[in-house]
Amino acid sequence: MVKPLLNRREFISATTATGATLLLNACKSDPSPKIASAGKSSLNTINIALIGYGEEGKVLLESILNIEGVRLVALCDIWDYHLQEGARYLSKVNNEVRTYENYEDLLAKEKDLQAVVIATPDFCHAPMTNACLKAGLHVYCEKMMSNTIDGARSMVKTMHETGKLLQIGHQRRSNPRYLFTKNRLLEEAKFCGRLTAAQSQWNRAVKEDFGWPKKYELPASTLTKYGYKDMHQFRNWRWYKGLGGGPLSDLGAHQIDILNWWLGTPKSVIGSGGLDYYKNHDWYDNAMIIYEYPLEQGVARAFYQVQTTTSAGGGYYEMFMGDEGTIKMSEDPSICSIYREARATQVSWDDLLQKGYVRAKTASADDAAKVDVRETAQLAEYEIPVFFNKPPHQPHLENFFNTIRGTAKLNCPGDEAFSSEYSIHKANEAVATQTRIAITPEEVRA
Amino acid sequence: MANIHQFNHRAMATHFEVRIADEERTYAAQAAQAALDLLDKLESYLSRFRGSSDIAQIAQLAPGQKLRLSEPAFACLEIAKRMELATLGAFSATASALQTQSCLPSWNLLPEELSIQCERGRVQFDLGAIGKGFALDRMAELLRSWDCPSFLLVAGGSSILSGNPPKESAGWSCGLGDDNTPQRLLLAHTSLSGSGLAVKGSHILDPRTGRLALRQNRAWALTDTAAESDALSTACMVLNEPELEQILAHNPSWLIFLEPDGIDRPMGSRVLPRKPEEV
């Protein structure tokens, strides 16, 4: 008998024997909002605005358009090139919007909004989020919360003062594969045994600077007004102190948030890194850090590296290592894997399979009366039994909108995200000072 | 010697090239990067190997179910549908489904809601014979918005899309066949695609019969857009000459070349672009 351990939020498709077919059917039966079926229940429409239509804004928009009961009514970006591109795109998908250069104008004129989605450079997040919350709107704000600890703290304070929702865009926290693996495999099945270490990374290859079509260059006065020295800085803000938080913030935030989500708050961080490759960046271009996590059974150390000069090293992932097994997680399902130590004999793979915690990679023969004899077979391989085929940000946005409707609870509210935010800023400090930085539980409370 | 900058990238299981002429190098590199970023984004919508792509999600639909699509996926499938009709069914974006299903799945696009509806079977798209061309068309749009009109885009060596020719040149010299083939045309604002059996062997299914296409060894299609030439060159592999003539009668902007005659016996009423020796 399979224990009914799969809850709806996890979208789980686990089965004891039949593998892919049932997995597929289970997913088909999921009432995905993107699948437009006949006789759909009518949902209250949430009017929203999207502030920031750069690369991340485009990714979020595509997911927003998939979600039923959410209507994008306004789009804001200081760069007309992006703004018009967004308006044209939305027009093609039969979604006309009003456009704004300035978010304050948007807030002044749009009187029928319930929420905003913010996908602007990091240094804009705190002032925009605070203004939107104070205007009575719920806010989904991309990570990082802010390029400063004070900025992030102010967002949590405003969230509490206004009573409005603030979801931070750590989208893996709503990813059914992550939810299942944390709740079921790691915590319930104790798959890793005692966690002793973690290793994670996100490495990216060298790329050209972001450019811009010459005819769409912003006037110097506009750039100054919005806090940029020049067009190059506007397009490449992530490299500049005062605008972004560097690679540990841009890329590392994704993995470090998962480390904190699964392991708790670290008690210290050491780091090394430098600006060794690029000539025109403010921030370092590579960093390696180690956090110490005080777990119940002892300390676990977590190594993280971010490189912006090579994509080598196997992609982006978080690997949790224990004395009985290892779980390697990634937003890219092809990178995910699970491994058991030889000493982990108390619970067998078959037990885990029976309970739906894992799935055999190759389906077993349908007919138990048959057997094929040939060369020695390889050991069976197992994987995390979650089939998930939505765009990666969609479940996190759905979680936000469902919380507005009162049918869910935020998966990454501002005060919880602050713990990761603080840990990342402290890692930057450790890299800058080449020292061990202590982190206390009190500090990470906003 | 023309001032041409070349940038390479891997996507859609092949290599892409962006060549930009008569532009300052840094600007050309940034424009090319923007075009290649767009290519990666398009792949995320169109690849059947990405679990969250539109195409992978469509394959999960049961008959009667609908799915809202991203604009690029919808646009690409619109062209695919049009090309299926225009080629008398010799091109089909679902031809590979015949490997697992007894007949082609049936699907319908719903423009008013930017959705696709599965009507019959499992809608397993493989956009390998149109997606690369579609990507080149979108990349060209982007390069024009960057005021880089002089470009040549190459997808896997099987589809090219040319913009303005380099200065003081009558066109981009494009060969029909292997490297440095003498069969060359000077192209501008034109796309040329080739299909054949030389690299992958017999791998193209005739969507009308489910059998392997063996009619041609190699075929090329010259059209205005790369999505069209990509799909048309594949269709040419399974069409006989009377069928080709019928198709070309309705599409005067298309030109087709078959082995062994190649450019010596083009099919279609479009004027043959000039050859290098004619300049």
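Values for this structure:
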quantity	calculated
A:THR162, sole failed condition from (1) more than 14 Å from chain B (Cβ to nearest Cβ); (2) hydroxyl-bearing (Ser, Thr, Tyr); (3) in contact (Cβ under 8 Å) with a residue 40 or more places away in the chain	(3)
A:GLY273 buried (at least 24 other Cβ atoms within 10 Å of the Cβ) and of a type in the set (Gly, Ala, Ser)	yes
Pairs, first free of Cβ contacts under 8 Å to residues at least 60 places away in the same chain in region A:242-266, second assigned to a helix (DSSP H, G or I) and among the hydroxyl-bearing types (Ser, Thr, Tyr), C-beta under 9 Å, six or more apart	A:GLY264/A:SER419
A:ALA302, sole failed condition from (1) under 17 Å from A:LEU186 (Cα atoms); (2) of a type in the set (Gly, Ala, Ser); (3) in contact with a His (Cβ under 8 Å, 6 or more places away or on another chain)	(3)
Residues within region B:6-26 that are within 14 Å of chain A (Cβ to nearest Cβ) and touching a residue at least 40 places away in the same chain (Cβ under 8 Å), tallied	4
Hits in region B:50-74 - residues which are within 21 Å of the chain's Cα centre (by Cα), surrounded by fewer than 19 Cβ atoms within 10 Å (Cβ to Cβ) and under 22 Å from A:GLY69 (Cα atoms)	B:GLU71
Of the criteria (1) surrounded by 12 or more Cβ atoms within 10 Å (Cβ to Cβ); (2) at pLDDT 90 or above, which one A:GLU381 fails	(2)
Number of positions in region A:165-188 that are surrounded by fewer than 20 Cβ atoms within 10 Å (Cβ to Cβ) and either of a type in the set (Gly, Ala, Ser) or without any contact (Cβ under 8 Å) to a residue 40 or more places away in the chain (or both)	1
Condition met for B:SER92 (hydroxyl-bearing (Ser, Thr, Tyr), under 30 Å from B:GLN246 (Cβ atoms) and either more than 13 Å from chain A (Cβ to nearest Cβ) or assigned to a loop (DSSP other than H, G, I, E, B) (or both))	yes
Filter result (outside any helix (DSSP H, G or I), among the basic types (Lys, Arg) and closer than 24 Å to A:ALA417 by Cβ) within region A:173-208	A:ARG204
Entirely in region A:223-303, the helices (runs of 4 or more DSSP H) that have 3 or more residues that are closer than 18 Å to A:SER419 by Cα and modelled with pLDDT of 95 or more	A:247-250, A:252-263
Selection count where residues are surrounded by fewer than 22 Cβ atoms within 10 Å (Cβ to Cβ) and more than 19 Å from A:THR45 (Cα to Cα), scope region A:96-105	6
All strands (runs of 3 or more DSSP E) inside region A:306-365 with 1 or more residues being out of contact with any Ser or Thr (no Cβ under 9 Å at 6 or more places or on another chain) and either within 20 Å of A:GLY193 (Cα to Cα) or aliphatic (A, V, I, L, M) (or both)	A:325-329
Single unsatisfied condition, A:ARG235 versus (1) buried (at least 17 other Cβ atoms within 10 Å of the Cβ); (2) charged (D, E, K, R); (3) touching a helix residue (DSSP H, G or I) at 6+ places or on another chain (Cβ under 7 Å)	(3)
Region B:27-48 - residue that is at the interface with chain A (Cβ under 9 Å from one of its Cβ atoms) and either in a loop (DSSP other than H, G, I, E, B) or of a type outside the set (A, V, I, L, M, F, W, C) (or both) and, of those, nearest to B:ALA95 (Cα to Cα)	B:TYR45
Pick from region B:254-273, criterion small (Gly, Ala, Ser) and out of contact with any strand residue (DSSP E or B) (no Cβ under 6 Å at 6 or more places or on another chain), ranking: modelled with the highest pLDDT	B:SER269
Of residues in region A:280-310 being within 16 Å of A:VAL431 (Cα to Cα) and aromatic (Phe, Trp, Tyr), the one nearest to the chain's Cα centre (by Cα)	A:TYR304
Pair list, Cβ < 6 Å and 6+ apart or interchain, from region A:205-219 residues that are more than 7 Å from chain B (Cβ to nearest Cβ) to residues that are hydroxyl-bearing (Ser, Thr, Tyr)	A:ALA205/A:SER311; A:VAL206/A:THR309; A:TYR216/A:TYR81
Enumeration of residues in region A:70-95 that are in contact with a helix residue (DSSP H, G or I) (Cβ under 8 Å, 6 or more places away or on another chain), more than 14 Å from chain B (Cβ to nearest Cβ) and within 25 Å of A:ASN44 (Cα to Cα)	A:ALA74, A:LEU75, A:CYS76
Elements of type strands (runs of 3 or more DSSP E) in region B:173-277, at least 3 residues being over 19 Å from the mean Cα position of the chain (by Cα) and free of Cβ contacts under 8 Å to residues at least 40 places away in the same chain	none
Sole residue being more than 27 Å from B:HIS9 (Cα to Cα), at pLDDT 95 or above and under 18 Å from the mean Cα position of the chain (by Cα), chosen from B:ARG120, B:ARG138, B:ARG82	B:ARG82
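Yes/no per residue for (1) buried (at least 16 other Cβ atoms within 10 Å of the Cβ); (2) in contact (Cβ under 8 Å) with a residue 40 or more places away in the chain; (3) of a type outside the set (Lys, Arg):
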| residue | (1), (2), (3) |
| --- | --- |
| B:GLU112 | no, no, yes |
| B:ARG120 | no, yes, no |
| B:ILE130 | yes, yes, yes |
| B:ALA135 | yes, yes, yes |
| B:CYS148 | yes, yes, yes |
| B:ALA155 | yes, yes, yes |
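The values are calculated or read from the model by the stated rules, or taken from the named source; none is laboratory data. A quick note: this is a predicted structure, and the numbers were derived from the prediction, not measured. A quick note on method: Cβ atoms are made from the backbone with ideal geometry, for glycine too, and the neighbour counts reach across all protein chains shown.
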